[in-house]
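The structure appears below as structure tokens.
The values are calculated or read from the model by the stated rules, or taken from the named source; none is laboratory data. Fair warning: this is a prediction, and the values are worked out from it, not measured in the lab. Virtual Cβ from ideal backbone geometry, glycine too; neighbours counted across all protein chains shown. Accessible surface is based on the protein model in full, side chains and every heavy atom, while ligands, DNA and RNA are left aside. Shrake-Rupley method; radii C 1.70, N 1.55, O 1.52, S 1.80 Å.
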Amino acid sequence: MIDDAVAALAQDGPPCQSPLPDGRRREVRQLFRLVLRCVHAGRATPIIEPSEQIAAHCYAAGIDLAEVQGSFTVLAEMIWRQLAGALAGEQLVQALGLLTAITGAGKDAMARTYVALATRDRDGAQPADEPATADADPGDCADSVVMTDVVGQVGIITLGDRDKRNAIGAEMASRVIAALASLRARQVRAIVLRAAPGMDVWSAGHDIGELPPGQRDPLGYDDPLEELIRAVRTFPAPVVAMVHGTVWGGALDLVLSCDLAVADETASFAITPANLGLPYNITGLLHFQGRLPINVIKEMFFTAAPIDARKAREWLLINHLVPWDRLESFTVELAATMATKSPLAIAVIKEQLRVLSDYQPIAAQVYERVQGLRRRAYDSSDYLEGLEAFAQKRQPIFRGT
């Protein structure tokens, strides 16, 4: 298959493409072997670093990015033909999702490397053969929890905690808030919030290990996720969630708190407090009410079931559903378009919309009654059972007490 793919790439490439030199053939073969290895392993992460290295070599050799990324396209088509002949039904869908994640991670890594090197060349900050992140903040590195880039007037915040699947706890939240403050100081005019390339989970939601074990409101005003959501909602420029992969629990609140959301077909969304016996707070429910019909909110909260990207588009949970291989370029282009508009006008319009949607009058006695109901829930044995079941990776048994 590798030989066939290399031959197909040499034969069917763009008209301007020259015959593959020996060094380029070796790199293409290396990529193809890595993709096949990732398919067998069932994960995309191993493709990222080699893709960055190959992209750096190709950039130094003056090879066009589209030509380099075309290697993934050719192999993906060939593997897909093999899978379509061997699998069917749900297995075929899962295999396609995995193949899409792998090739998408490789393409993303290559694109980011090209942007980084082009920016360094332009600014004279680094030699062209040294891969780096475009305009990265000092101290950022490939395994950072949060990475910050600037492309033109667009800031890009990347969540990269692979070990915790981008679960949002105190450390993650504080780093994103710091990144927002840094980008605001640099006067960026739009933000893209994304997961690191190759991750099949955009975010696993609130870090369950940091939730208090009863006798205290688990979603109080000073909760790290609540602080992060406020920082996003009050940021004076548009924040766009770029979603590849699954979004769970409180991470969906974060996505809805962004001004726009763009997703590809790998995305799915679930709000899961009912799985933990966790009483969601009024503020969070207002975020959902500002974006979704009440019957949709009830179905998502009451079932805790994930909805796929197409249904999310139908329900207007996301603004755009785009192919996986266009997700990054489409989202950055959308953010760049907004960055050309009046920042003062956008800031005041965003703030007015936030005020109009956030501040709903509630009578004091009603608020106290609701808080009493929430207190009964988070002081219950059900809430403790939900936390224990999650930690033990089993289904909870709720008794309503």
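Going 7 Å from the Cα of Arg216 in the Cα-to-Cβ direction, what parts of the stretch 375-397 have a backbone nitrogen less than 20 Å from that spot?
The answer is 375-391, whose backbone nitrogens lie closer than 20 Å to the label point.
Hey, what did the stretch 137-232 get for relative contact order, percent, Cα under 8 Å, at least 6 apart?
It comes to 30 percent, rounded to a whole number.
Which three semi-axes in whole Å describe the equivalent ellipsoid of the stretch 139-201, each the square root of 5 times a Cα gyration tensor eigenvalue, listed largest first?
Calculated on Cα positions only, the semi-axes equal 20, 13, 9 Å.
Rounding to the nearest 10 and keeping the result within 0 to 90°, find how far the Cα-based axis of helix 327-339 lies from the longest principal axis of the chain.
Between the helix axis and the principal axis of the chain, the angle is about 70 degrees.
Quick one: compute the contact order of the chain, relative version, from alpha carbon pairs under 8 angstrom and 6+ residues apart, as a percent.
13 percent
How far is helix 89-123 tilted off the main Cα axis of the chain, in degrees rounded to 10, range 0 to 90?
Taking Cα atoms only, the helix is inclined about 70 degrees.
Let me check against my output: what whole-number percent is the relative contact order of the stretch 256-401, with C-alpha pairs under 8 Å and at least 6 apart?
Relative contact order, the stretch 256-401: 34 percent.
Once both axes come from the Cα atoms, what is the angle between helix 170-185 and the longest principal axis of the chain, in degrees from 0 to 90, rounded to 10?
Approximately 70 degrees, to the nearest ten.
Need one number: nm distance between label points at Ala60 and Ala345, each 7 Å from Cα along Cα→Cβ, rounded to one decimal.
Taking the two extended label points, one gets 4.7 nm.
Can you match percent of Cα pairs over 37 Å apart to one of these, (i) 27; (ii) 31; (iii) 20, based on a calculation from the structure here?
Matching entry in (i) 27; (ii) 31; (iii) 20: (i).
Return the FRET efficiency for the residue pair Arg162, Gln352: r is the Cβ-Cβ distance, R0 is 51 Å, and the value is rounded to the nearest 0.05.
Details: r = 38 Å, r/R0 = 0.75.
About 0.85, to the nearest 0.05.
7 Å from Cα along Cα→Cβ at both Arg394 and Arg375: what's the point-to-point distance in nm?
3.2 nm
Report D for the stretch 156-308 in µm² per second (integer): Stokes-Einstein, Kirkwood Rh on Cα pairs, 25 °C, 0.890 mPa s.
157 µm²/s
Using heavy-atom solvent-accessible surface (probe 1.4 Å) with all chains present, what is the largest-first order of Thr331, Thr337?
Details: Thr331 0, Thr337 70 Å².
From most accessible down to least: Thr337, Thr331.
Measuring from label point to label point, each 7 Å out along Cα→Cβ, what is the Ile362 to Ala86 span in nm?
Rounded to a tenth, the inter-label distance reads 5.4 nm.
Among Leu260, Leu183, Ala105, whose Cα projects farthest towards the positive end of the dipole of the chain, with charges put on the beta-carbon of Lys, Arg (+1) and Asp, Glu (-1)?
Leu260
Give the lysines reachable from Lys298 as a straight Cα distance under 26 Å; neighbours fewer than 8 places away on the same chain don't count.
Within the straight-line cut-off, Lys298 pairs with Lys311, Lys393.
Compute the FRET efficiency between Thr303 and Thr401 as 1/(1 + (r/R0)^6), taking r as their Cβ-Cβ distance and R0 = 30 Å, and round to the nearest 0.05.
0.85
Given the DSSP H assignment, sum -39500 (n - 2.57) over each helix run of at least 4 residues in the chain and divide by its residue total; what's the result at 222 nm in deg cm²/dmol, nearest 500?
The per-residue figure over the chain is -17500 deg cm²/dmol.
Which of the three applies to the stretch 246-401, rounded, prolate or oblate, going by the alpha-carbon gyration tensor with a ≥ b ≥ c and a/c under 1.5 meaning rounded?
oblate
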